[in-house]
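Heads up: the structure comes next, in structure tokens.
The values are calculated or read from the model by the stated rules, or taken from the named source; none is laboratory data. Values in this document were obtained by computation on a predicted structure and should not be read as measured data. Cβ sites come from the backbone with ideal geometry, for glycine too, and all protein chains shown count toward neighbours. The area values use the complete protein model at the heavy-atom level, side chains included, leaving out ligands, DNA and RNA. Shrake-Rupley method; radii C 1.70, N 1.55, O 1.52, S 1.80 Å.
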Amino acid sequence: MIRALDFLREFTFASVAFRLLLAMLSGGMIGLERGRKGRPAGFRTYMLVCLGAALTMLLSQYETALLETRWAALAQEIGLRTDASRFGAQVINGIGFLGAGTIIVTGRQQVKGLTTAAGLWASACMGLAVGAGFYECVFLSFILIFLCVRVFPLIDNVIHENAKVMHIYIEFESMNDVGTLINRLKSQELQIVDVDIERSREKHYPHPSATFSIHMHQRQPHSRILSSLADLDCVYTIEEI
């Protein structure tokens, strides 16, 4: 096994093909989960990001190899030197622009896309490891990244459901109903930490809305609080954010 990995670390056509295929496969597997959830960056995006990062690292290794062999005399004559790590650094910087494009703030003041952006960045780093031939790191990082995007959300949901702090977005009939909403929250022994009220904004948001930040003195199911507010006749839309 170790000998096989050592062979694939050599700069040959077989090792280059293996690295590119491995980058494409591992990046695509991670992006597949995001695609199933309808995220902006999915299967093909993750695949291309990881593949591009691996290709960048291979290019840096190729240039270094040429400077040490065919171009050695010319490089020594003109004093040309290169640092292979510069290519990887540019990938890490450049992926930030792509990741920023997946982050949006909705009309409900809810930030979405952070996990997708972080996944793209991690996928690019994994691609650099593939291109460098650091296969042990690639396999381990793939498992850990996959756990983060596939398994850990289940744990995150449990933590979120049992948190004593929650944020609720509500659309209601008129501004006169704000007092009714506040009284319903206080009747459940909830402390209102902050309220952000938005008046109606014509077409897309025809009804006034409010975002309540509340603190629970005792833990209780978030669904119970949402159901209690949803029972009010004045409420059109309610969602935990």
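If the condition is being in a loop (DSSP other than H, G, I, E, B), at pLDDT below 80 and over 24 Å from Ser227 (Cβ atoms), then segment 134-177 contributes only Val151.
The rows are residues; the columns are (1) surrounded by 12 or more Cβ atoms within 10 Å (Cβ to Cβ); (2) under 30 Å from Glu63 (Cα atoms).
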| site | (1), (2) |
| --- | --- |
| Phe134 | yes, yes |
| His160 | yes, no |
| Met175 | yes, no |
| Ser187 | no, no |
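Take the conditions without any contact (Cβ under 8 Å) to a residue 60 or more places away in the chain, touching an Asp or Glu at 6+ places or on another chain (Cβ under 8 Å) and either within 28 Å of Val158 (Cβ to Cβ) or surrounded by 12 or more Cβ atoms within 10 Å (Cβ to Cβ) (or both) and apply them to Pro208. Does it pass? Answer is yes for this residue. Only one of the numbered conditions (1) over 28 Å from the mean Cα position of the chain (by Cα); (2) open to solvent by 50 Å² or more (accessible area, probe 1.4 Å); (3) without any contact (Cβ under 8 Å) to a residue 24 or more places away in the chain is not met by Ile192, and that is (2).
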